[in-house]
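Novice: Supplied in structure tokens, the structure appears directly below.
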Amino acid sequence: MNRIRNKKTRFWKLQSQVSNNQQLREAAQGTSLRIFSVVINLATGILLARMLGDEDFGTYLTYIAIGGMISSISSFGLSTLLAREIASARGNQDWARLKPIAILIRAALTLLLLSLIIAFVSGYFLVGIAIAFALANNVLGVASHVFIGFERVLTTQWVNSVIRPIFIVFSVLVAGTASLLTIEFTLAIQAISAILAAIVLWLLWNNNSMAVPRRTELATLHRYKEVVASGATVAVAQVLINGMTQIDILIVAAFREPNEVAWYYAASRAAMIASFFFGSVTKLAEPKLIRLYSSGEMTEVRQLASSTTAIGVVATLLAVIAAFLLSRPYLNLYGPEYVSALPTMIVLLLGQLALSTTGPAQPMLRAMKLESSILLYAGIGVALGTTISIVLIGPLGLIGVAIGSSLQFATFGYLQALRSQKSAKVPTTIWSYGRIGARK
């Protein structure tokens, strides 16, 4: 009996090691794609800042932020819900919830298209372009989340982090050379790139590995109400989560000059590099965590959560160190006046490092279908961050907004981690990881 137990123990250790090695390889690939995306996006931002000028660049960023908020609100959280239900159905074989979600997604996209037509007919051209940007982002979001649900996260990252940014920077260079670059044209480039990325994902669809049962039970009215309620919760939560990355720029736009919006943008984009690394690791783990939790494999869930936390913190720490070392030459690329945003950038980097220590807490809450908790904690984080930013922007300037932004991310992450520990007994913070390791 002891021999059998020893063989089983060695087998599970070997399987765990293989799983961790695969996760490391996937995380390395995902991180590499993120690095490429960051470099291309930063280059695009620098080009736009120089070609458009500080004021027009700041105005362009304001419309991008508005378009992002429209996208979050009009998607009603259905694409995120779709990814979760696909991942969950692959674990428990309950595909019935997909049909009403798909119908509601089509209705939401149609509503946004009608808003786009009304905006253009009414003569609100810039508003229409912002809505077009939101519509294109929502179409791409649906396509991407389908792939994510089937654990094809790396495929979406190749399209969104490589193909789309290359198209954008190429279009900006061509437009700039031809003296066609304006705020409107740049917004149009963003919208077109999203549609092209969605088309690429459609072409990459694999009917064999991503098959969905064609016949499911007819959705009842109760099922639609359930989906609408869940979608609304996810939507509001996603609006608040996206707001965390946009509201600081909107606050700066409301209280400061357009050139300071551009300075803050440069600092925040560099700081968001850290969140890209953390987000890449957790995004890769999310569909698998949901599938394992749905099928009741809690040992594997805890192992995956633990390894995801460790990889995420290490990747983020390395990114923060690299960003700090390159901060001055990076800001100088925008222009010498941008170096004044260096302290702001450091504060934002520390905020992202704090968030990474909370691990895959949000994916765990999604696996438990606790979107209402995500909504609550996002609301607390945004309220806290917005209040602190508005209070501190007067005496501290951009640094005050950075402090508020960093505190909102840290608060949001730790509240989620505490709920994951309480509801599923799955620790996700790096501090819990250390205690588990000590017990072993």
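The values are calculated or read from the model by the stated rules, or taken from the named source; none is laboratory data. In this text, all values refer to a predicted model and were calculated from it rather than measured experimentally. FYI the Cβ positions are ideal-geometry reconstructions off the backbone, even for glycines, and counts take in every protein chain you see.
Novice: Looking only at the stretch 380-405, count every residue that is crowded, with 24+ Cβ neighbours inside 10 Å and within 11 Å of Val347 (Cβ to Cβ) and tell me the total.
Specialist: 5
Novice: Given the conditions (1) modelled with pLDDT of 80 or more; (2) more than 19 Å from Ala134 (Cα to Cα), which single one is not true for Gln190?
Specialist: Failing condition for Gln190: (2).
Novice: For residues that are farther than 14 Å from Ala310 by Cα and in contact with a Pro (Cβ under 8 Å, 6 or more places away or on another chain), scanning just the stretch 284-297, find the one that is surrounded by the most Cβ atoms within 10 Å (Cβ to Cβ).
Specialist: Ranking the qualifying residues of the stretch 284-297, first place goes to Ile290.
Novice: Moving to a separate point now. Is there any pair with a first residue in the stretch 372-396 that is more than 22 Å from Leu418 (Cβ to Cβ) and modelled with pLDDT of 90 or more and a second that is among the acidic types (Asp, Glu) and assigned to a helix (DSSP H, G or I) whose Cβ atoms are under 7 Å apart and which are 6 or more apart or on different chains, and what are they?
Specialist: Every condition considered, the pairs that remain are Ser389/Asp248.
Novice: Sticking with this one: Filter the stretch 193-221 down to the residues that are in a loop (DSSP other than H, G, I, E, B), at pLDDT 80 or above and aromatic (Phe, Trp, Tyr) and list them by number.
Specialist: Here is the first cut: in the stretch 193-221, the residues in a loop (DSSP other than H, G, I, E, B) are 204-220.
Checking which are at pLDDT 80 or above leaves us with 204.
Answer for the stretch 193-221, where residues must be in a loop (DSSP other than H, G, I, E, B), at pLDDT 80 or above and aromatic (Phe, Trp, Tyr): there is none.
Novice: Look through the stretch 274-291, keep the residues that are of a type outside the set (A, V, I, L, M) and over 18 Å from Phe36 (Cα atoms), and return whichever of them is farthest from the chain's Cα centre (by Cα). Before you say what the answer is, go through the steps one by one.
Specialist: Let us first name the residues in the stretch 274-291 that are of a type outside the set (A, V, I, L, M), namely 275-280, 282-283, 286-288, 291.
Now restrict to residues that are over 18 Å from Phe36 (Cα atoms): 282, 286-288, 291.
On the way: Thr282: 10, Glu286: 12, Pro287: 14, Lys288: 17, Arg291: 20 Å.
Among residues in the stretch 274-291 that are of a type outside the set (A, V, I, L, M) and over 18 Å from Phe36 (Cα atoms), the one farthest from the chain's Cα centre (by Cα) is Arg291.
Novice: Let me ask something additional. Do we have any residue at all in the stretch 315-334 that's in contact with a Pro (Cβ under 8 Å, 6 or more places away or on another chain) and surrounded by 17 or more Cβ atoms within 10 Å (Cβ to Cβ)? Even if it seems obvious, please write down each step before you answer.
Specialist: Filtering the stretch 315-334 down to residues in contact with a Pro (Cβ under 8 Å, 6 or more places away or on another chain) leaves none.
No.
Novice: Which of the residues that make up the stretch 326-351 are at pLDDT 90 or above and either of a type in the set (A, V, I, L, M) or closer than 21 Å to Leu415 by Cβ (or both)?
Specialist: Of everything in the stretch 326-351, those that are at pLDDT 90 or above and either of a type in the set (A, V, I, L, M) or closer than 21 Å to Leu415 by Cβ (or both) turn out to be Leu342, Met345, Ile346, Val347, Leu348, Leu349, Leu350, Gly351.
Novice: Given the residues Ile311, Ile321, which is the only one that is under 14 Å from Ser356 (Cβ atoms) and over 21 Å from the mean Cα position of the chain (by Cα)?
Specialist: Working: Ile311 fails: over 21 Å from the mean Cα position of the chain (by Cα).
Going through Ile311, Ile321 in turn, the sole match is Ile321.
Novice: Residue pairs, Cβ under 7 Å, 6 or more apart or interchain, first in the stretch 105-117 and within 15 Å of Phe76 (Cα to Cα), second surrounded by fewer than 17 Cβ atoms within 10 Å (Cβ to Cβ). List them.
Specialist: Cβ pairs passing all conditions: none.
Novice: Please indicate, with yes or no, whether at least one residue in the stretch 55-72 is in contact (Cβ under 8 Å) with a residue 24 or more places away in the chain and closer than 22 Å to Leu370 by Cβ.
Specialist: Looking only at the stretch 55-72, we keep the residues that are in contact (Cβ under 8 Å) with a residue 24 or more places away in the chain, and these are 55-72.
After this cut, where a residue has to be closer than 22 Å to Leu370 by Cβ as well, the list is 72.
Yes, that holds for at least one residue.
Novice: Yes or no: Thr245 under 30 Å from Val39 (Cβ atoms) and either at pLDDT below 85 or in contact with a Pro (Cβ under 9 Å, 6 or more places away or on another chain) (or both)?
Specialist: Values: under 30 Å from Val39 (Cβ atoms): yes; either at pLDDT below 85 or in contact with a Pro (Cβ under 9 Å, 6 or more places away or on another chain) (or both): yes.
Answer is yes for this residue.
Novice: Now a separate question. Just give me the residues in the stretch 285-343 being touching a residue at least 60 places away in the same chain (Cβ under 8 Å) and at positive phi, in sequence order.
Specialist: Gly335
Novice: Return the total of residues in the stretch 22-63 being over 24 Å from Thr282 (Cβ atoms) and among the aliphatic types (A, V, I, L, M). Steps first, please.
Specialist: Just the residues of the stretch 22-63 that are over 24 Å from Thr282 (Cβ atoms), to begin with: 43-63.
Checking which are among the aliphatic types (A, V, I, L, M) leaves us with 43, 46-49, 51-52, 61.
Here the count works out to 8.
Novice: Which condition number does Pro336 fail, the rest of (1) closer than 25 Å to Ala253 by Cβ; (2) touching a helix residue (DSSP H, G or I) at 6+ places or on another chain (Cβ under 8 Å) being met?
Specialist: Here Pro336 meets the rest and fails (2).
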